[in-house]
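Colleague: After the structure tokens below, expect a handful of questions from me.
The values are calculated or read from the model by the stated rules, or taken from the named source; none is laboratory data. A quick note: this is a predicted structure, and the numbers were derived from the prediction, not measured. All Cβ positions, glycine included, derive from the backbone under ideal geometry; neighbour counts span all protein chains shown.
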Amino acid sequence: MRAIRPSPVLALACLCALALALIGLRKTQARSTPDINAKKHTLSLSLHAGITSDGKDSFYFNGQPNAPTLRLSPGDQLKITYINDLPSQPQEKCLIAPCMDMTNLHFHGLTVSPDAPQDDVLSMLAMPGKSLSYTVQIPKDHPPGLYWYHTHPHGESYQQVLDGMSGALVIEGIESYYPALAGLPERILVVRGRSTKNDPQSAALKQRVELSSDVCGAEHETPHEIMTVNGSVRPQIEIAPGARQFWRLVNASADRYLDLQLDGGTFEIVAMDGMPIALHDRNHPTRIVDHVLLPPAGRVEAIVAGPAAGAPRRLISRCVDTGPDGDPNPAMVLADVVPQSAADALHKTSESSLKPDLKTLNLAAEEEAPPRFVVTFTEDKNGFYINGEKFTPDAAPMVRAKVGTFQHWRIVNASAELHPMHIHQVHFLAYAENDKPIADPLWLDTVNVPYGGSVDVIMDFTDPVIKGMSVFHCHLLNHEDKGMMAKILFE
């Protein structure tokens, strides 16, 4: 009997299907980002902005497209020479024309000066071929925890952060607030968005992360973004059965929420947004939860335990209802947690010589007083607004704040989609949502504001180092680029 030969078209289709299957099945371990440690109380480096082989904006460190983890201690100084090697003719489109490939850096969450040459996102801007010199002084009493750095040029922030121009920044010493961390292996997990538009591997990538079709209340449009962990799609995170690790995770996406859940496990949260819980609540230094919501820019630092032998476990992000006008934020798998195959060369926390600076604050009077300032988010077909105004670089400060005070602010979301509010230089206590007390209030630098609702916070403007012109904005960076940002003068 003559053998039946498949047609060339059928054979090609089979090869394509096999290739896609291999892409979907490929396993990768969660890569670690290179650490750079301060030496003699100074961390110095050169960082470049450039273009990768696939046309994406990227940080380059030591000639490679990479964003190192910066490690400093309270009292250290961070010095960065930031060189803009982006092309003078942009290869990508920005949300606000004209796109100029300008860039700069923001040190998200750090309580440092907003003036040049520190955390200045207003006047420090480098055009292609130019450079910036940053000298950031970390206060001696700065809270230890996970922070991050990313680009912040108004009008071009969204595309640069979506492409991955971000990295982790650690202020050492958190084990002084929670000694149980000493000796635990530490993992830095930078979660970023990855656009699948015009990607020939789009279908396989979505299948790989088990992207859900449920958009749970958001606009019914096709999701075109998946999440990566340290640059990898659904990597493996190794941990021995029953072993404990200290995970420090940042939602470095440009505009996507994470609702983190560990199959069959819990998170013992030690810090949120870089702020150790013990700093303000020494009697209850951790919170044990089965899932945690992180808006864009949010961070969580938590102890996790390895699953029992033979019990697979996934780190997933649950579907987030972003509102009737919100972008789809479906569930997906971020990583697989697997048994440890060999001893990991992970950074381990050590005994800290820092003396914890525990704070007991009585803010009841400020909480009960009327808000000193109300932030109202609105939007229409022409853009996004704070208190009816679009941001412009030459705008006067919308509000002035006296340094040395705590202030009750109310953030009102008068739109039909979620908005995460972030303010530079300071943290705040989020204590009420929709006029109801929050059961376990925490100190944050970025807070989710429910659509059609409000959040009440106590701003901490007490540190004198913050004097100068700063900003607050929605941390959906496509909204910030389109106008949802305003200036604040700390005086």
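Colleague: What do you reckon, is MET398 more than 21 Å from TRP148 (Cβ to Cβ), in contact with a strand residue (DSSP E or B) (Cβ under 7 Å, 6 or more places away or on another chain) and of a type in the set (A, V, I, L, M)? Please lay out each step first, then the result.
Modeller: Working: more than 21 Å from TRP148 (Cβ to Cβ): yes; in contact with a strand residue (DSSP E or B) (Cβ under 7 Å, 6 or more places away or on another chain): yes; of a type in the set (A, V, I, L, M): yes.
So MET398 fits the description; yes.
Colleague: Take VAL412 and decide whether it is crowded, with 24+ Cβ neighbours inside 10 Å and assigned to a strand (DSSP E or B).
Modeller: Values: crowded, with 24+ Cβ neighbours inside 10 Å: no; assigned to a strand (DSSP E or B): yes.
Taking the combined requirement at face value, the residue does not satisfy it.
Colleague: Let me confirm something: among VAL229, VAL191, VAL250, VAL233, which residue is at pLDDT 95 or above, out of contact with any strand residue (DSSP E or B) (no Cβ under 6 Å at 6 or more places or on another chain) and closer than 23 Å to HIS291 by Cα? Let's see the steps before the verdict.
Modeller: Details: VAL229 fails: out of contact with any strand residue (DSSP E or B) (no Cβ under 6 Å at 6 or more places or on another chain); VAL191 fails: out of contact with any strand residue (DSSP E or B) (no Cβ under 6 Å at 6 or more places or on another chain); VAL250 fails: out of contact with any strand residue (DSSP E or B) (no Cβ under 6 Å at 6 or more places or on another chain).
Result: VAL233 is the single residue among VAL229, VAL191, VAL250, VAL233 that is at pLDDT 95 or above, out of contact with any strand residue (DSSP E or B) (no Cβ under 6 Å at 6 or more places or on another chain) and closer than 23 Å to HIS291 by Cα.
Colleague: Turning to a different aspect of this structure: Looking at this structure, is PRO393 surrounded by fewer than 20 Cβ atoms within 10 Å (Cβ to Cβ) and out of contact with any strand residue (DSSP E or B) (no Cβ under 7 Å at 6 or more places or on another chain)? Walk me through how you get there before you give the answer.
Modeller: Values: surrounded by fewer than 20 Cβ atoms within 10 Å (Cβ to Cβ): yes; out of contact with any strand residue (DSSP E or B) (no Cβ under 7 Å at 6 or more places or on another chain): yes.
Here the answer is yes, as PRO393 does meet what is asked.
Colleague: Restricting to segment 400-409, count the residues that are in contact (Cβ under 8 Å) with a residue 60 or more places away in the chain and surrounded by fewer than 17 Cβ atoms within 10 Å (Cβ to Cβ).
Modeller: Keep residues of segment 400-409 that are in contact (Cβ under 8 Å) with a residue 60 or more places away in the chain, which gives 400-404.
Those left that are additionally surrounded by fewer than 17 Cβ atoms within 10 Å (Cβ to Cβ): 400, 402-404.
Going through segment 400-409 one residue at a time, the tally reaches 4.
Colleague: Quick one: which residue in THR446, THR349 is of a type in the set (Ser, Thr, Tyr), buried (at least 17 other Cβ atoms within 10 Å of the Cβ) and touching a Pro at 6+ places or on another chain (Cβ under 6 Å)? Even if it seems obvious, please write down each step before you answer.
Modeller: Values: THR349 fails: touching a Pro at 6+ places or on another chain (Cβ under 6 Å).
Going through THR446, THR349 in turn, just one is of a type in the set (Ser, Thr, Tyr), buried (at least 17 other Cβ atoms within 10 Å of the Cβ) and touching a Pro at 6+ places or on another chain (Cβ under 6 Å): THR446.
Colleague: Another one. Could you say whether any residue in segment 54-76 is among the aliphatic types (A, V, I, L, M) and in contact with a Lys or Arg (Cβ under 8 Å, 6 or more places away or on another chain)? So that I can check it myself, show each step before the final result.
Modeller: Here is the first cut: in segment 54-76, the ones among the aliphatic types (A, V, I, L, M) are 67, 70, 72.
So of that shortlist, the ones also in contact with a Lys or Arg (Cβ under 8 Å, 6 or more places away or on another chain) come out as none.
No, segment 54-76 contains no residue that is among the aliphatic types (A, V, I, L, M) and in contact with a Lys or Arg (Cβ under 8 Å, 6 or more places away or on another chain).
Colleague: Still on this model: Tally up the residues in segment 463-484 that are assigned to a strand (DSSP E or B) and either touching a Pro at 6+ places or on another chain (Cβ under 6 Å) or within 20 Å of ARG372 (Cβ to Cβ) (or both), please.
Modeller: At the first step, the residues of segment 463-484 found to be assigned to a strand (DSSP E or B) are 468-474.
Retained after the next criterion (residues that are either touching a Pro at 6+ places or on another chain (Cβ under 6 Å) or within 20 Å of ARG372 (Cβ to Cβ) (or both)): 468-473.
Result for segment 463-484: 6.
Colleague: With over 28 Å from GLU219 (Cα atoms), modelled with pLDDT of 95 or more and either of a type in the set (A, V, I, L, M) or out of contact with any Pro (no Cβ under 8 Å at 6 or more places or on another chain) (or both) as the only criterion, which of ASP435, ASP460 stands out?
Modeller: Working: ASP435 fails: over 28 Å from GLU219 (Cα atoms).
Step by step, each of ASP435, ASP460 is checked, and only ASP460 is over 28 Å from GLU219 (Cα atoms), modelled with pLDDT of 95 or more and either of a type in the set (A, V, I, L, M) or out of contact with any Pro (no Cβ under 8 Å at 6 or more places or on another chain) (or both).
Colleague: With respect to LEU146, determine if the residue is crowded, with 24+ Cβ neighbours inside 10 Å and not polar (S, T, N, Q).
Modeller: Numbers: crowded, with 24+ Cβ neighbours inside 10 Å: yes; not polar (S, T, N, Q): yes.
In short, yes.
Colleague: Against the definition (under 25 Å from HIS422 (Cα atoms) and either out of contact with any Cys (no Cβ under 9 Å at 6 or more places or on another chain) or among the charged types (D, E, K, R) (or both)), how does TYR82 come out, yes or no? Before the answer, list the steps.
Modeller: Details: under 25 Å from HIS422 (Cα atoms): yes; either out of contact with any Cys (no Cβ under 9 Å at 6 or more places or on another chain) or among the charged types (D, E, K, R) (or both): yes.
Yes.
Colleague: Could you check how many residues of segment 234-261 are among the hydrophobic types (A, V, I, L, M, F, W, C) and more than 20 Å from SER341 (Cα to Cα)? Show your work before the answer.
Modeller: So the first thing to find is which residues in segment 234-261 are among the hydrophobic types (A, V, I, L, M, F, W, C), and the list is 237, 239-240, 243, 246-247, 249-250, 252, 254, 258, 260.
Retained after the next criterion (residues that are more than 20 Å from SER341 (Cα to Cα)): 249-250, 252, 254, 258, 260.
Looking only at that region, the number is 6.
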